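Following: one structure in structure tokens, then a few remarks.
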Amino acid sequence: MLVLGIETSCDETGIALYDEARGLLAHQLHSQVDMHRAYGGVVPELASRDHIRRVLPLMQACLQAAGCTKEDIDGIAVTTGPGLAGALLVGASVAHGLGLALGKPVVGVHHLEGHLLSPLLADPAPEFPFIALLVSGGHTQLMRVGGYGDYSLLGETVDDAAGEAFDKTAQLLGLGYPGGPAVSRLADFGNSGVVQLPRPMLHSASLDFSFSGLKTAVLTAVRRIDNSCEQARADIARGFVDAVVDVLEAKSAAALRQSGLRRLVVAGGVGANAQLRARLRERADKDDFELYFPPLHLCTDNGAMIARAGLVRLRAGARQAGSFSVRPRWPLAQAATV
Ligand code: KG4
Ligand code: ZN
């Protein structure tokens, strides 16, 4: 079964072709980051218009790279939420128009389910069950994944997401948007321990997270330094990354302990973070658990993860027929049944 995946939930247009037998045949991505940078964040209307411009050319490029025609497609998977309503509607309209024209089934995919299953695109892929640490721009969650569609939420952020904290810290340090990779690079030049920042909820019994206090602490630290001093800014970046990584590591280890599982899967944009990857690898060696990440280029939003998650739903006979809608707000638990 050959699945076309379409992702347009935020500021990346992602298209991919995933074949059940042969794996990922091709994927194309256009990031709108340069367009939104001038505004310091995503402008929804601009995002929708840009998706309209990009979807079909990216699809053509994908078909060409895979050596396929659109008639070879057996099913279409599209992100239908959560995300920006206008942006989601672009992908959904194209998916349904194409489905109707080709007479092929269309399934809606939950964006977080896409992230959650993205480590299945790696080789070797994890087996079920596993604990998933989902760390993106909009979400920070720990989940127990028993199988396809079997997702139990163990803990989540009570305020900001980890990616959001990276982006806000980047803004405070004058590093622009989006900030995750830039903060990570600057932190490499900083010294640990020079700037001590709080580790919110580190010792709480729950598996929930909180990152908004950390952001305020970064603001206070930035006000104390001479902003033209590169080393001082790097030390703050280091202090921030150390704090986030400490919390993510400790809560992931606690989730493994509490669930009795020995397999951790990390997904979402912050899963691309080098310091987090290194720390979790050390912890996996020490505590003797298996650790999986998606391929680096598939950590952030992409069409491949949507095609992969959609394949499961298409195989299970799911269909979105006739009229369609998108769900800008959509708890993953409500999308759980395959
Ligand atoms: O999963 P994603 O692409 O989009 C959402 O669904 O939110 O995640 C984007 C987030 C942004 O906040 C970005 O700053 C962060 O992931 N990010 C990183 C890195 N690469 C992306 N954060 C830390 N280190 C990175 N290398
Ligand atoms: Zn995402």
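Quick notes on this one:
- When every Cα-Cα distance of the range 27-91 is counted in 5 angstrom steps from zero, the calculated P(r) takes the values 3, 15, 21, 24, 17, 11, 6, 2, 0 percent.
- For the chain, the fraction of C-alpha pairs farther apart than 28 angstrom is 42 percent.
- Computed 3J(HN,Hα) for the range 14-26, one whole-Hz value per residue from the Karplus formula 6.51 cos²θ - 1.76 cosθ + 1.60 where θ = phi - 60°, is x, 10, 8, 10, 10, 9, 4, 8, 9, x, 6, 8, 6, glycine and proline marked x.
- Additional length obtainable on full extension of the chain from MET35 to SER212, 0.36 nm per residue less Cα span: 61.0 nm
- Förster radius 51 Å - calculated FRET efficiency between LEU219 and ARG315, Cβ distance, rounded to 0.05: 0.60
- Candidate aspartates and glutamates for bridging to LYS70, where Cα separation is under 16 Å - those fewer than 8 sequence places away on the same chain excluded: ASP19
- FRET E, pair ALA278, LYS70, Förster distance 51 Å, beta-carbon r, rounded to 0.05: 0.75
- Taken as Cα centroids, the range 254-327 and the range 147-193 sit 17 Å apart, rounded to the nearest whole angstrom.
- Stretching ASP287 away from ARG262 to a fully extended chain increases their span by 8.1 nm, per 0.36 nm per residue minus the current alpha-carbon distance.
- Listed by chain and number, the lysines whose C-alpha is less than 30 Å from the C-alpha of LYS251, apart from same-chain residues fewer than 8 away, are LYS168, LYS215, LYS286.
- Two-site label geometry, VAL158 and SER323: point separation in nm, points 7 Å out along Cα→Cβ: 4.1 nm
- Mean separation of Cα contacts under 8 Å, 6 or more apart, over the residue count of the range 94-191: relative contact order %: 14 percent
- Selection from LEU172, ALA304, PHE293 lying farthest towards where the dipole of the chain points positive, charges on Cβ: LEU172
- Reducing the range 51-88 and the range 197-212 to their Cα centroids gives an inter-centroid distance of 39 Å.
Here, each number is a calculation from the coordinates, and none is a lab measurement. Just so it is clear, the model here is predicted, and its values are computed rather than measured. Note that we place each Cβ from the backbone using ideal geometry, even for glycine, and neighbour counts take in every protein chain shown.
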